[in-house]
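Report on the following structure.
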Ligand SMILES: Nc1ncnc2c1ncn2[C@@H]1O[C@H](COP(=O)(O)OP(=O)(O)O)[C@@H](O)[C@H]1O
Ligand SMILES: [Mg+2]
């Protein structure tokens, strides 16, 4: 059974067809790329999957369960976590606390223990603390744990978004332009970290990225969107030579290398 | 036993209020004692509103309304229900009654509103505060426009401050616990919080209902301290006063809210000769604060930057 | 039956007042996403200005329709300027801060107008001069339609038509709609967002002032806190119609006025003020986007 399956999903904003008849599957442990020119509808696909928007038409299944129309927090609890293209951290909270919030659903709900600060409560805290620090270490952020998230550099904030998403213990991770605004050195590190995460946690990853080198190197399969339509699906080497893809990108007046 | 040991400091602090209260009653004249008690009540109001407005980032303008519910329900309780009980039993009973009634009112107001955007809450709670007043004014059983008197003086310095300490402790421990960090996350970015699996509506309602509960307790303490209540004590202006305390103390700072409550209570008394200008001063204060120091006096920081949840205390 | 008709007339007159105030809420919410708490108090200032103008200009002793028109328009102009000033001083500096900040200053401004008003105008009720003598135009059984009721309804209708014209047919109206749609895109398109927001406040405040001046004719007792409840009710009317939606605000205002009057007449006048609250709760539960509003999604 596929991990994630979208069938025939459409969404319009006013007259604009942001996503039309989008069908897609991703199996457990796969790393798939979603690319396309700016405004193609990639982020909207993420918003549909995570319940930020509700599809006008179509079905979305996570491990066979329909999730279309569920509230965002339920979809996350079904095992889908994401990062945001326009970073949405909790800027006034510490880096560590951002990750703690990500772990929220896995913290024991024991109000009495919390109010009286029992020994068990302290033990759980210590465990949680260690887990969250481990997640931060995975993304090279352990040293910044006690700084406010808003004070991190751009690249660090993007990585913290990933750490926070991982803390929810997803089966599927959606990354929306995780390398945007990073320098080449940071991009290399990021690729290494994503590879490590995948190996360690065995999760499926769907990644939106404009850096073609990165995408072609990492992904097993790529889906290309343009104006909300799927114009190509295939292996990186097939996509590279696909005529419609080349046309879609060349047709774009501005270079999209950011 | 272990529980007692781990909570020895707060327990001693609460217990200490009785000897301190006795000492104060021997040394301080009753006017000053009254101001000191008002500081405690206002601190409770400010800290509980801070949970809603400052920490969770919602905007309630109805704290006086919840205080009124607590005051009237507890007063009705002590007059008609627990009349004749020993004070040691009657006091907890009326505090609980006032607090729970206010919490219930909070649930009724919060459920439809908190699913939606934060600013709708402002107008709903404002409306709620007005309705509560209309209802009380038209309910003869609780005195209507004459007000309600004759309650036994169940609360005093010690009970007010003991409750304030418990209130601060509960809210502090809640928002500084790993689960409670989600309150702040809701304020910081609701969509991101939801995407992390946080049931944001539930957190908002929890904050709102808990805040209302403590406002109700404050109302009950107030009613049984002065022994006579009237809707004029619970107008929109009282709500605004509490909002000013939270803003002045720094949205989200618990210690800031307490300090601001003390400062404003004392100032209000000291500037009694300016009574006619009090609300004008408050309004200008609100505007100027927002324009020049939007973080309040302490910003989001606590006076101690001590974190209960951190490697230091977790061990 | 007669009584019902009579109450409907009263309700419509009140509804027209609410509608005028609600339009201001909806306009400001449209461009700034702000509940302008001070709006109800601008309505109060409108009534007060009309009161003082009527006395200064001598129309209080020599009532005339012309006099009323002059008083009405001057009050609208003054409050229009007041609205622009409020925006400039209290809201503009906070535009890029969390929305909560603006909401707090809005409450501050509201209180300043209310309690400053008590200082400046005096806390006691004033009696609005009879600028136009009340006559019954139409009488059928017990139903009376006074010229004042008709005037309130007609002037409100006229102002709404003017507003509609401005919004749909003029350049500045187009700009207001564009800014409501998107701040950033509008400024990229060369629209001066600041000007548009100022204009929005001027128009909204002028409409509230008109409501204030007309309310003086029907209910002559005016005082500095008179704007609080109508302000809340008009806001609820705007939410009922779908906040941001102009025809919605008008319909919401009328529904509010009629419902409230009927409840007061047939049920209990003490709970008249509770109607708005109940309507608000029901709308938020059943149809949060309001009757005519569209569900908007935040762009993520
Ligand atoms: N909430 C919204 N309201 C209106 N239009 C939207 C909204 N979200 C996205 N769009 C539009 O949908 C199209 C696709 O956007 P998006 O999915 O963000 O593209 P991208 O592929 O660059 O991520 C764009 O034209 C965008 O303007
Ligand atoms: Mg995008």
Restricting attention to the range A:15-25, and to residues there that are away from ligand 2 (no atom under 13 Å from the Cβ) and not in a loop (DSSP other than H, G, I, E, B), which single residue is surrounded by the most Cβ atoms within 10 Å (Cβ to Cβ)? A:22
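Determine which member of the set A:46, A:90 is over 26 Å from residue C:293 (Cβ atoms), within 19 Å of the chain's Cα centre (by Cα), within 14 Å of another protein chain (Cβ to nearest Cβ) and within 12 Å of ligand 1 (Cβ to nearest atom). It would help to see each step written out before you state the result.
Values: A:90 fails: within 12 Å of ligand 1 (Cβ to nearest atom).
Every option except A:46 fails the conditions.
Look through C:54, C:13 and report the one residue that is closer than 19 Å to residue C:161 by Cα, modelled with pLDDT under 95 and away from chain B (no Cβ under 14 Å). Talk me through it step by step, then tell me what you get.
On the way: C:54 fails: closer than 19 Å to residue C:161 by Cα.
Exactly one of C:54, C:13 is closer than 19 Å to residue C:161 by Cα, modelled with pLDDT under 95 and away from chain B (no Cβ under 14 Å), namely C:13.
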Tell me, please, whether a residue that is more than 10 Å from chain A (Cβ to nearest Cβ) and under 14 Å from the mean Cα position of the chain (by Cα) can be found in the range B:175-187. no
So which of B:71, B:122, B:76 ends up being surrounded by fewer than 24 Cβ atoms within 10 Å (Cβ to Cβ) and either at pLDDT 95 or above or in a helix (DSSP H, G or I) (or both)? B:76
Sole exception among (1) within 16 Å of ligand 2 (Cβ to nearest atom); (2) assigned by TED's automatic domain parsing to the domain that holds residue A:176; (3) in a loop (DSSP other than H, G, I, E, B) for residue A:84, by number: (2)
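How many residues does the range C:56-68 contain that are loosely packed, with under 14 Cβ neighbours inside 10 Å and assigned to a helix (DSSP H, G or I)?
The first filter runs over the range C:56-68 and keeps only residues loosely packed, with under 14 Cβ neighbours inside 10 Å, leaving C:56-58, C:61-62, C:64-66.
Add one more test, that the residue is assigned to a helix (DSSP H, G or I), and what stays is C:56, C:65-66.
Residues flagged as loosely packed, with under 14 Cβ neighbours inside 10 Å and assigned to a helix (DSSP H, G or I) within the range C:56-68 amount to 3.
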When the residues of the range B:191-213 are filtered to those that are assigned to a helix (DSSP H, G or I) and either free of Cβ contacts under 8 Å to residues at least 60 places away in the same chain or at the interface with chain A (Cβ under 7 Å from one of its Cβ atoms) (or both), which remaining residue is surrounded by the most Cβ atoms within 10 Å (Cβ to Cβ)? B:195
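Restricting attention to the range B:128-147, which residues are outside any helix (DSSP H, G or I) and within 10 Å of chain C (Cβ to nearest Cβ)? Even if it seems obvious, please write down each step before you answer.
Going through the range B:128-147, the residues outside any helix (DSSP H, G or I) turn out to be B:138-139, B:143, B:147.
Across the range B:128-147, the qualifying residue is only B:138.
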Say whether the condition of being surrounded by fewer than 23 Cβ atoms within 10 Å (Cβ to Cβ), in contact (Cβ under 8 Å) with a residue 40 or more places away in the chain and assigned to a helix (DSSP H, G or I) is met by at least one residue in the range B:178-187. no
Take the residues in the range A:26-53 that are touching a residue at least 40 places away in the same chain (Cβ under 8 Å), assigned to a loop (DSSP other than H, G, I, E, B) and touching a helix residue (DSSP H, G or I) at 6+ places or on another chain (Cβ under 9 Å), then tell me which one is farthest from ligand 2 (Cβ to nearest atom). A:29
Give me the residue from the range C:252-292 that is closer than 18 Å to residue C:28 by Cα and away from chain B (no Cβ under 12 Å) and, out of that set, farthest from ligand 2 (Cβ to nearest atom). C:253
Can you report the number of residues in the range A:57-96 which are out of contact with any strand residue (DSSP E or B) (no Cβ under 9 Å at 6 or more places or on another chain) and either buried (at least 22 other Cβ atoms within 10 Å of the Cβ) or under 26 Å from residue B:175 (Cα atoms) (or both)? 10
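Every residue, every condition in (1) away from ligand 2 (no atom under 16 Å from the Cβ); (2) away from chain B (no Cβ under 12 Å); (3) not in a helix (DSSP H, G or I), yes or no:
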{"position": "A:165", "(1), (2), (3)": "yes, no, no"}
{"position": "A:181", "(1), (2), (3)": "no, yes, yes"}
{"position": "A:190", "(1), (2), (3)": "yes, yes, no"}
{"position": "A:193", "(1), (2), (3)": "yes, yes, no"}
Subset of the range A:200-222 (residues that are within 16 Å of ligand 2 (Cβ to nearest atom) and part of a loop (DSSP other than H, G, I, E, B)): A:209, A:210, A:211
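Listed residues C:12, C:77; which is over 12 Å from residue C:208 (Cα atoms) and over 14 Å from the mean Cα position of the chain (by Cα)? Don't jump to the end; show me each part of the working.
Details: C:77 fails: over 12 Å from residue C:208 (Cα atoms).
Criteria check complete, one pass: C:12.
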On the phi < 0 side of the Ramachandran plot, away from chain B (no Cβ under 11 Å), out of contact with any helix residue (DSSP H, G or I) (no Cβ under 7 Å at 6 or more places or on another chain) and part of a helix (DSSP H, G or I), is that true of residue A:75? no
Options A:113, A:108: the member that is loosely packed, with under 15 Cβ neighbours inside 10 Å, in contact with a helix residue (DSSP H, G or I) (Cβ under 7 Å, 6 or more places away or on another chain), in the same structural domain as residue A:155 (by TED's automatic domain parsing) and farther than 16 Å from residue A:171 by Cβ: A:108
Of all residues in the range C:91-101 being within 21 Å of residue B:54 (Cβ to Cβ) and in a helix (DSSP H, G or I), the one that is modelled with the lowest pLDDT: C:99
Scan the range A:148-161 residue by residue and report those that are within 14 Å of another protein chain (Cβ to nearest Cβ) and either surrounded by 23 or more Cβ atoms within 10 Å (Cβ to Cβ) or within 16 Å of ligand 1 (Cβ to nearest atom) (or both). A:149, A:158, A:160, A:161
Is one or more of the residues making up the range A:235-252 farther than 16 Å from residue A:30 by Cβ, within 18 Å of the chain's Cα centre (by Cα), part of a helix (DSSP H, G or I) and more than 15 Å from ligand 1 (Cβ to nearest atom)? no
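Would you call residue C:138 free of Cβ contacts under 8 Å to residues at least 24 places away in the same chain and within 18 Å of the chain's Cα centre (by Cα)? First the steps, then the outcome.
Working: free of Cβ contacts under 8 Å to residues at least 24 places away in the same chain: yes; within 18 Å of the chain's Cα centre (by Cα): no.
For residue C:138, the condition - free of Cβ contacts under 8 Å to residues at least 24 places away in the same chain and within 18 Å of the chain's Cα centre (by Cα) - is not met.
Can you tell me which residue is farthest from ligand 2 (Cβ to nearest atom) among those in the range A:167-179 that are at the interface with chain B (Cβ under 10 Å from one of its Cβ atoms) and surrounded by 22 or more Cβ atoms within 10 Å (Cβ to Cβ)?
Of the range A:167-179, the ones at the interface with chain B (Cβ under 10 Å from one of its Cβ atoms) are A:167-170, A:174.
Then drop every residue that is not surrounded by 22 or more Cβ atoms within 10 Å (Cβ to Cβ), which leaves A:167-168, A:170, A:174.
Values: A:167: 23, A:168: 21, A:170: 20, A:174: 12 Å.
The extreme case among them is A:167.
Answer yes or no as to whether residue A:150 is in a loop (DSSP other than H, G, I, E, B) and either in contact with a helix residue (DSSP H, G or I) (Cβ under 8 Å, 6 or more places away or on another chain) or in contact (Cβ under 8 Å) with a residue 24 or more places away in the chain (or both).
Details: in a loop (DSSP other than H, G, I, E, B): no; either in contact with a helix residue (DSSP H, G or I) (Cβ under 8 Å, 6 or more places away or on another chain) or in contact (Cβ under 8 Å) with a residue 24 or more places away in the chain (or both): yes.
Criteria not met by residue A:150.
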Out of the residues in the range A:13-43 meeting the condition of being over 25 Å from residue A:210 (Cβ atoms) and within 14 Å of another protein chain (Cβ to nearest Cβ), tell me which one is farthest from ligand 1 (Cβ to nearest atom). A:15
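Being at positive phi, touching a helix residue (DSSP H, G or I) at 6+ places or on another chain (Cβ under 9 Å) and away from ligand 1 (no atom under 14 Å from the Cβ) is the filter here, so list the residues in the range A:174-217 that pass it. Full working, then the answer.
First pass over the range A:174-217, keeping only residues at positive phi: A:177, A:181, A:202.
Next cut, touching a helix residue (DSSP H, G or I) at 6+ places or on another chain (Cβ under 9 Å) only: A:177, A:181.
Within the range A:174-217, A:181 is the sole residue that qualifies.
The values are calculated or read from the model by the stated rules, or taken from the named source; none is laboratory data. This is a predicted model, so every value here is computed, not measured. Please note: Cβ atoms are built from the backbone with ideal geometry, for glycine as well, and neighbour counts cover all protein chains shown.
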